[in-house]
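Report on one structure; see the data block that follows.
The values are calculated or read from the model by the stated rules, or taken from the named source; none is laboratory data. Given the structure is predicted, the values throughout are model-derived calculations rather than measurements. Here the Cβ positions follow ideal geometry from the backbone for every residue, glycine too, while neighbour counts run over all protein chains shown. The accessibility values were calculated without ligands, DNA or RNA, using every heavy atom of the protein model including side chains. Shrake-Rupley method; radii C 1.70, N 1.55, O 1.52, S 1.80 Å.
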Amino acid sequence: MIAIWYSVVSFMLITYVVLDGRNFGAGMLHWFVARTPAERRQVMAAIGPLWTWHEVWLLGFGGLLVAIFPKLMASAFSGYYLALFLILWCLILRGVAMEFGGHINDRLWQSYWDFNFVLSNFLLAILFGAAAGNVARGVPLDAQGNFSMAFFTDFNVRGNVGLLDWYTVSVAVLAVVMLAAHGATYLTLKTEGPVHDRCEIWAKYLWVAVVPLLAVVLIESRIVRPDLPGRALFNPFWWIGLIVIAASAFTLLTGLTSGRELQAFVGSNFLIVGLLATGAAAIFPVMLHSTLAPENSLTAYAVAAGPMSLRLASFWWPVGFALAVFYFVFISRRYVGKVSVQRDTQGFY
């Protein structure tokens, strides 16, 4: 039962990263692929109708953590307090920039909000990448399951570590480049004209850059956590994740080289799914690894809620998930197709 709920929680987070990650990427490339106000509105229109809905998956992930792994939520939220508030403020800044940018037909006004939009998306990619690095590396958990971290300490990966060190910075850089490539692939599918052509070029260059960065992070991960993959070698989901990575990489590569935009986008999505799912399977059952002493680590079994809470969640979660999937399919089909160059700069619709 605990392993199933761990998979469900991981699925919710992975879904959010894949869906909103393309928005992060499109936002980071906003200034690079769009050079006129009309082209910038085109990029906004490609992500505008769906960005609020994607954040529902993040809320669902947080709600599941409270219901299924309350002890983990209590420890992680207090330890990651600073980082979580930075993510919250960046999400707010991004939303305000998207909603306010087109309200006044003034170049200075629009340039200001465009800057905030690009900056917030860059910071979100960095913060989520650093968070992934922290989960893989571990945090300074004491015997009581508590920890606190500064931005950085001595940039070491052992002992009293900070949010940033040489490993988490490497993962953050990989996240920025990969999400930018994911966003460029999405914009290639959704846009036309000069924006489409520039996004197509950016997508190819960025995905090429992902390969050496991913190799570096894998080598560093082996140094930071020599105990991994460990038990994952006997976990079928870890092997399934590797198969998904191989298949999606081939799909992405052939899609980019042949100009098949939908195929490339499908490969981009499942490549990120495979990487995150493989990582989640590799660290299970540990959910927070201690850099102070391995015995202080928090496992899924130790931080899970009681049997009654798990049974109640098994009733309401499928209902909520079915409604979420239904609405996701509905809203995605409504806004299917390419976005043309917008002559009206008042908003992104």
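Inclusion of R198 among residues that are of a type in the set (K, R), touching a residue at least 60 places away in the same chain (Cβ under 8 Å) and either open to solvent by 70 Å² or more (accessible area, probe 1.4 Å) or more than 27 Å from G159 (Cα to Cα) (or both) is warranted.
For every residue, the table says whether it meets (1) open to solvent by 30 Å² or more (accessible area, probe 1.4 Å); (2) of a type outside the set (F, W, Y).
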| position | (1), (2) |
| --- | --- |
| T15 | no, yes |
| G21 | no, yes |
| A26 | no, yes |
| F32 | yes, no |
| T36 | yes, yes |
| P49 | no, yes |
| G60 | no, yes |
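The sole residue among A76, A130 that is under 26 Å from L214 (Cα atoms) and either open to solvent by less than 10 Å² (accessible area, probe 1.4 Å) or touching a residue at least 24 places away in the same chain (Cβ under 8 Å) (or both) is A130.
The residues of segment 93-112 that are modelled with pLDDT under 90, assigned to a helix (DSSP H, G or I), surrounded by 18 or more Cβ atoms within 10 Å (Cβ to Cβ) and not aliphatic (A, V, I, L, M) amount to a single one, Q110. Of the residues screened, R260 is one that is open to solvent by 50 Å² or more (accessible area, probe 1.4 Å), within 22 Å of A184 (Cα to Cα) and modelled with pLDDT of 85 or more.
Answer yes or no: is there a residue in segment 214-232 that is open to solvent by 20 Å² or more (accessible area, probe 1.4 Å), under 16 Å from I14 (Cα atoms) and in a helix (DSSP H, G or I). There is no residue in segment 214-232 that is open to solvent by 20 Å² or more (accessible area, probe 1.4 Å), under 16 Å from I14 (Cα atoms) and in a helix (DSSP H, G or I). Scanning segment 136-176 for residues that are part of a helix (DSSP H, G or I), of a type outside the set (G, A, S) and surrounded by 20 or more Cβ atoms within 10 Å (Cβ to Cβ) gives R137, Y167, T168, V171, L174, V176. Go through segment 201-217 and give me each residue that's more than 15 Å from F265 (Cα to Cα) and in contact (Cβ under 8 Å) with a residue 40 or more places away in the chain. Hits for segment 201-217 are L213, L214, V216, V217. Does G60 meet the test of being closer than 26 Å to W202 by Cα, touching a residue at least 24 places away in the same chain (Cβ under 8 Å) and of a type outside the set (A, V, I, L, M, F, W, C)? Taking the combined requirement at face value, the residue does not satisfy it. Apart from one condition, G159 fits all of (1) in contact with a helix residue (DSSP H, G or I) (Cβ under 9 Å, 6 or more places away or on another chain); (2) at pLDDT below 95; the exception is (1). On the given criteria, is A209 in contact with a helix residue (DSSP H, G or I) (Cβ under 6 Å, 6 or more places away or on another chain), at pLDDT 95 or above, surrounded by fewer than 17 Cβ atoms within 10 Å (Cβ to Cβ) and part of a helix (DSSP H, G or I)? Yes: the conditions hold for A209.
Within segment 34-51, being part of a helix (DSSP H, G or I), of a type in the set (G, A, S) and over 16 Å from A181 (Cα atoms) holds for A38, A45. Checking the structure you have, find out if any residue of segment 134-149 is under 24 Å from L276 (Cα atoms) and of a type in the set (D, E). No, segment 134-149 contains no residue that is under 24 Å from L276 (Cα atoms) and of a type in the set (D, E).
Conditions (1) assigned to a helix (DSSP H, G or I); (2) touching a Leu at 6+ places or on another chain (Cβ under 6 Å); (3) modelled with pLDDT of 85 or more, marked per residue:
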position	(1), (2), (3)
L19	yes, no, yes
F24	yes, yes, yes
F32	yes, no, yes
W53	yes, no, no
L58	yes, no, yes
A74	yes, no, no
F77	yes, no, no
L84	yes, no, yes
I87	yes, yes, yes
